[in-house]
Amino acid sequence: MPIQSIDLPIGTMITHFSLSDPFGAKHSSEKLFGPKGLLVVFTCNHCPYARAVWPRTIRIADYAKNLGINTVGINPNIHPDYPEDAPEVMKQKIKEWKVPFPYLIDETQEIARAYKAQCTPDIYLFDSKQKLAYHGRVDDNWQEELKVTKEELKDAITSLAKGKPIGEKQYPSIGCSIKWRN
C-alpha cells in the first residue's frame, strides 16, 4: 500500500547534510546548490514508484541544471532486508540509468528523518535562499508517463528559476514507505 509525503510548511529551511555516494566521494548540501536552488529527491532502486519516475527525474534534473538548479538523490533504504537498495547495486543503477547527479547513501537514515521523508520518491525543491519552495509529486500519473497531463515538479522548477510564484496547491508524492531500521 502506498504512503504519501507529508505536508511541510513552504519556506522551511533546508537541513544541511554531508553524505557519501556509493563510490566513496563525499557531497555536502552547501556545495550542491546551484545558483537558483537545489532539488533533493529521497529515492531508491527497488520501489516500483521510484523506478517508474527515475527516467523522468533524470530528465527533470537535466532541465533544472540548465536553469541553475542542481539535483541530488538520497537513498535512505540501506537496510539488510532490502539488498536491491544496497550501495553496490546503487553503483550499477548509476551506470545503467546514466544518473547525472550525485546519488547518496543515507546509511543512518538521519537525513531522511530530519526531512520528515516518508516515501520513495519524496521530493523537496529549495530556492537559492535554501528555503523549501515545493514539496510534492513529479507529475499527475506516476504509472503511465504517456498519460501525464500536469508536470508539477517541472512547472515548479520553471517558476522558481524565473522568480515567479509556485502554485499554492502541491499534491503529495506517493510511493513505498522508507524502510526504517529500528
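The values are calculated or read from the model by the stated rules, or taken from the named source; none is laboratory data. Since this is a predicted model, take the numbers as computed values, not measurements. Here Cβ is always computed from backbone atoms with ideal geometry, including for glycine, and neighbour counts include all displayed protein chains. These accessible areas exclude ligands, DNA and RNA; they are computed on the full protein's heavy atoms, side chains included. Shrake-Rupley method; radii C 1.70, N 1.55, O 1.52, S 1.80 Å.
Based on this model, can you work out whether T71 counts as surrounded by fewer than 19 Cβ atoms within 10 Å (Cβ to Cβ) and either within 20 Å of I14 (Cβ to Cβ) or at pLDDT 95 or above (or both)? Write out each step before concluding.
Numbers: surrounded by fewer than 19 Cβ atoms within 10 Å (Cβ to Cβ): no; either within 20 Å of I14 (Cβ to Cβ) or at pLDDT 95 or above (or both): yes.
No, not satisfied.
Restricting to the range 31-49, and then to whatever is of a type in the set (F, W, Y) and not in a loop (DSSP other than H, G, I, E, B), can you tell me which residue is surrounded by the fewest Cβ atoms within 10 Å (Cβ to Cβ)?
Step one: filter the range 31-49 for residues of a type in the set (F, W, Y), giving 33, 42, 49.
The next check asks that each one be not in a loop (DSSP other than H, G, I, E, B); those that pass are 42, 49.
Numbers: F42: 27, Y49: 22.
Here the residue is Y49.
Scan the range 98-117 for residues that are open to solvent by 60 Å² or more (accessible area, probe 1.4 Å), touching a residue at least 12 places away in the same chain (Cβ under 8 Å) and either among the hydrophobic types (A, V, I, L, M, F, W, C) or under 18 Å from D81 (Cα atoms) (or both) and report the count.
1
Inspect the range 50-60 for any residue being touching a helix residue (DSSP H, G or I) at 6+ places or on another chain (Cβ under 8 Å) and in a loop (DSSP other than H, G, I, E, B) and give the result as yes or no.
no
Got at least one residue in the range 108-125 being of a type in the set (G, A, S), farther than 30 Å from K162 by Cβ, at pLDDT 95 or above and under 14 Å from the mean Cα position of the chain (by Cα)? Before you say what the answer is, go through the steps one by one.
Applying the first criterion (of a type in the set (G, A, S)) to the range 108-125 yields 112, 114, 117.
Among the residues that remain, those that are also farther than 30 Å from K162 by Cβ are: 112.
Next, only the ones that are at pLDDT 95 or above stay: 112.
From what's left, under 14 Å from the mean Cα position of the chain (by Cα): 112.
Yes, because at least one residue in the range 108-125 is of a type in the set (G, A, S), farther than 30 Å from K162 by Cβ, at pLDDT 95 or above and under 14 Å from the mean Cα position of the chain (by Cα).
Could you check the range 92-147 and list, in sequence order, the residues that are touching a His at 6+ places or on another chain (Cβ under 9 Å) and aliphatic (A, V, I, L, M)?
If the condition is that a residue be touching a His at 6+ places or on another chain (Cβ under 9 Å) and aliphatic (A, V, I, L, M), then L104, I123, L125 are the ones that fit.
Would you check which residues across the range 1-30 are closer than 19 Å to I94 by Cβ and open to solvent by 80 Å² or more (accessible area, probe 1.4 Å) and list them?
Result: F23, K26.
Within the range 142-167, can you find the residues that are within 20 Å of H46 (Cα to Cα) and either buried (at least 16 other Cβ atoms within 10 Å of the Cβ) or touching a residue at least 60 places away in the same chain (Cβ under 8 Å) (or both)? Write out each step before concluding.
At the first step, the residues of the range 142-167 found to be within 20 Å of H46 (Cα to Cα) are 142-145.
Correct list: W142, Q143, E145.
Scan the range 70-87 and tell me whether some residue there is under 20 Å from S159 (Cβ atoms) and within 13 Å of the chain's Cα centre (by Cα).
To start, the set of residues in the range 70-87 that are under 20 Å from S159 (Cβ atoms) comprises 70-71.
Filter again for within 13 Å of the chain's Cα centre (by Cα), leaving 70-71.
Yes: the range 70-87 contains one or more residues that are under 20 Å from S159 (Cβ atoms) and within 13 Å of the chain's Cα centre (by Cα).
Does the range 126-148 hold any residues that are among the hydroxyl-bearing types (S, T, Y) and either modelled with pLDDT under 95 or under 15 Å from the mean Cα position of the chain (by Cα) (or both), and which are they? It would help to see each step written out before you state the result.
So the first thing to find is which residues in the range 126-148 are among the hydroxyl-bearing types (S, T, Y), and the list is 128, 134.
Within the range 126-148, just Y134 meets the criteria.
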